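Engineer: Below is one structure. I have some questions about it.
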Amino acid sequence: MAYLTQPDYVKYICSCGQLKPITSLYFCRHCLKIRCGFCICHEVDSHYCANCLENMPSSEARLKKNRCSSCFDCPSCFHTLSTRATTQQRQVLQDPAAGGDTKVESKQPKKMYYLSCFNCRWTSRDVGIPDQPVASGGWPERTNPHAARVNQLIDYYKAIAQQEKQEKIERERKKFNIRGKYITLTDKTGLTGAMARNIAGLPSSESSSSAIANFVPSVATAEVDELPEDIFTKEVNLNQITSMPQRLASPDWQPVSVSRLHPLAKLLSVKRSQRCRACDHNLTKPEYNPGSIKFKIELLAYYHVPEVKIISHEPVKPGEKTALFLKLTNPTGHEMQLRLLQPEDIPPPEEKEEPKSIDKSLERSLVLEKDTTAFKAIERQPNISATSRVTSPGVTLTLAQRDDAAEYDDDAQHDTNDIILWRKSNKLGVRLELDTSAEAVGGSPARALVALQYSYRNTVPPAPSAAACRDHTLYTTLLLDLGTVSSN
Amino acid sequence: MSHNVKILPGATVCEDCTLEGDITIGGGTVIHPRVTIIAEGGPIIIAEYCIIEEYSTIIHKKSDKQENPPKPLFIGAHNVFEVGCKLESPCGHIGESNVFECRSFVGEEVKIGSGCVIGAACRLTAPQTLADNTVIWGSDHHIREALEKQPSQLLQLDFLSKVMPNYHRLRKPNVHKRQPSTRQSTEPSPKP
């Protein structure tokens, strides 16, 4: 809860150089590195509507313009609209010939439905949408006034893309022809180019060229409609005019008047899985069911990296040594050895060049076609300007494994000493000394750097070729926010 | 308990609420427990078919330029005062079919028409007049105009007046003759 409501006092340095709290970091079990949202690949798993929880394949979602067909948002305040039912006496025209029959029918109450917003009390009746006899669906759809032009443009650009692709293929083929080394399929089988294209399922070149030829580009015009006469004299009723966010929410119509606001089809949400860029392993993978908030794979730093919290600290004074109390937690199911170090003491990461296996290089040659720049993680040195340092106590602390049952026995172990304040199952309270540089100016933010060395047992079953190395020593650097340097 | 409280037949008024001063409660109105209604500046008249929910406060404030005899605070029919709302008014008239949502606050010198909605946690403090069918919502106090009045809560009223006596001690109606002053508004019958 503290991570949600309070500022991030303790930040970890991600392997890409970003500073993030532990709750927004991931831990790749294969690279054994901390990753953050900036240095991993985000992939869309599935589209769903957050209101009706309906799943949708991506092709269908694209067809529906990433909007749900049955749920609506309020055009006035963007809250989700609810369907309300009213019983309505059926209005039957008085027909003297029908007589008694109409009376019987008019007594049957009929359920009619309309959309209503519980936040701003907007209803679909406000803009004159007739009530519907069915609870969901059937709401009138409005067509974009420029739909024809938009479709024309899409066709045109598709045709251009197609043409460029063809030209590229043609160029490739020419290259081969010059070499004269290979026999192309058409030479060998006597197929004509058009037939080959037909077999491959590509559209014939004529149709794409006709789309390009028939395209009429837009013409800019200086003539615009005159402003109405009373534009400057008529009193403005702000309640009748839509706000900018309301207009931008429906870009196809951009209504000026409140009476033209129509329900907005609800935008779909996506479930995404996240992947490490270095090793292509999944870091998170949600369950497919939109109603579920669980994950199939959930490699969060919170479950693998020791958690550090600030209990309290003395006011930070320039050039002095002050006390700092931290709580360390071991979230893993294995005992953890932990040392506090200076950031400079961290050994530089070894550049391990993997032995290139055949399939790996094959894969790389296939990937070569793609634009690899999008997949490369940019690493930078983090910008850390810390005025204080945590003095390393020079002892190794042992943290017990996480044990959910241990919550219930309340006897704290008392093997306390100068450093260890208390110890309780997988948690440890430590007393540390903070060394602040004399140059620190009073009132400036007091931040302290500390590095952690911790043992980590990898529970991933090792690949048959790799050495069975299960215990690792890992390092991470933290930045503690201790308020401001006190001036005196 | 003040003897000035007049409860008309058909009203459901819980015993566990603070009613001070000259208060008239119309028939069909439901007052939940823990409601505070204080008429220190003048009488308060609540018309028929209002719902006043828990922890709402209605105060007819004393003011310096008090008229003699003091003007009543008249609250029209079909108003809904949701949980924790507060209405402070030196005098005046509140229309019909208004909704005062949870924890809303209406200060002095605010005149309210009919069919208005004061959104949850909205505070109206500046002197102003709300036209009919005004809706105020959100932390930014957006204002819009509804096309029609808020639908009345007759089903909810029916339910409350049936259920309340099973779980709460009620104050008994003490006026058996219908007062002409509270019958001036033209209201539809309680059953739809």
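Engineer: Loop only per DSSP, at most 11 neighbouring Cβ atoms within 10 Å: give me the chymotrypsin sites (Phe, Trp or Tyr not before Pro) in region A:201-287, ordered by residue number.
Structural biologist: Taking region A:201-287 and a limit of 11 other Cβ atoms within 10 Å, the loop chymotrypsin sites (Phe, Trp or Tyr not before Pro) found are A:PHE232.
Engineer: Can you give me the accessible area per residue for chain B, using a 1.4 Å probe, in Å²?
Structural biologist: Accessible area per residue: 50 Å².
Engineer: Ignoring any ligand, DNA or RNA, what whole percent of the accessible area of region B:5-184 comes from carbon and sulfur when the probe is 1.4 angstrom?
Structural biologist: Carbon and sulfur: 50 percent of the exposed surface of region B:5-184.
Engineer: Could you please report the charge total around A:ARG389, scoring K, R as +1 and D, E as -1 over all other residues with beta-carbon less than 12 angstrom from its beta-carbon?
Structural biologist: Summing Lys/Arg as +1 and Asp/Glu as -1 gives -2.
Engineer: Using protein chains only (no ligands, no nucleic acids) and a 1.4 Å probe, work out which residues of region A:122-142 have their accessible area cut by at least 20 Å² relative to the chain alone.
Structural biologist: A:ARG125, A:ASP126
Engineer: Still on this model: Just to be sure I understand: with springs between alpha-carbon atoms less than 10 Å apart, which residue in B:SER63, B:SER104, B:SER152 has the highest mean-square fluctuation in the Gaussian network model of chain B?
Structural biologist: B:SER63
Engineer: Here's something else I'd like to know. Could you run the numbers on buried accessible area between B and A, total for both chains, 1.4 angstrom probe, in Å² to the nearest 100?
Structural biologist: 1100 Å²
Engineer: Now for a separate question. So which residues in region B:139-169 end up with at least 10 square angstrom less accessible surface once the other protein chains are there, compared with the chain by itself, probe 1.4 angstrom?
Structural biologist: Listed in order, they are B:ILE143, B:ARG144, B:GLU145, B:LEU147, B:GLU148, B:GLN150, B:PRO151.
Engineer: Compute a Gaussian network model of chain B, connecting alpha carbons closer than 10 Å, and tell me which residue from B:VAL175, B:VAL163, B:VAL30 fluctuates the most.
Structural biologist: B:VAL163
Engineer: Where does the charge balance sit around B:LEU124 when Lys and Arg score +1, Asp and Glu -1, over other residues with C-beta under 11 Å from its C-beta?
Structural biologist: Charge balance in the 11 Å sphere: 0.
Engineer: Can you give the local net charge around A:GLU307? Use residues other than it whose beta-carbon is closer than 12 angstrom to its beta-carbon, Lys and Arg +1, Asp and Glu -1.
Structural biologist: +4
Engineer: From the cross-link list B:LYS62/B:LYS149; A:LYS64/A:LYS168; A:LYS271/A:LYS309; A:LYS65/A:LYS271; A:LYS158/A:LYS296, which pairs have alpha carbons spaced over 27 Å apart?
Structural biologist: Correct reply: B:LYS62/B:LYS149; A:LYS64/A:LYS168; A:LYS271/A:LYS309; A:LYS158/A:LYS296.
Engineer: List every residue whose amide H lies under 5 Å from the amide H of A:VAL485, counting only residues 5 or more places away in sequence or on a different chain, with H placed 1.01 Å from N in the peptide plane.
Structural biologist: Excluding prolines and chain starts, which carry no amide H, the hits are A:GLY443, A:SER444, A:ALA446.
Engineer: What residues in region A:224-239 lose 50 Å² or more of accessible surface when the other protein chains are added to their chain alone (1.4 Å probe)?
Structural biologist: A:ASN239
Engineer: Share of antiparallel DSSP beta bridges in region B:5-184, in percent to the nearest 5?
Structural biologist: 10 percent
The values are calculated or read from the model by the stated rules, or taken from the named source; none is laboratory data. Keep in mind that this is a model prediction, so the values were computed, not measured. Cβ atoms come from the backbone with ideal geometry, glycine included; neighbour counts cover every protein chain shown. What goes into the accessible areas is simple: the full protein's heavy atoms, side chains included, and nothing from ligands, DNA or RNA. Shrake-Rupley method; radii C 1.70, N 1.55, O 1.52, S 1.80 Å.
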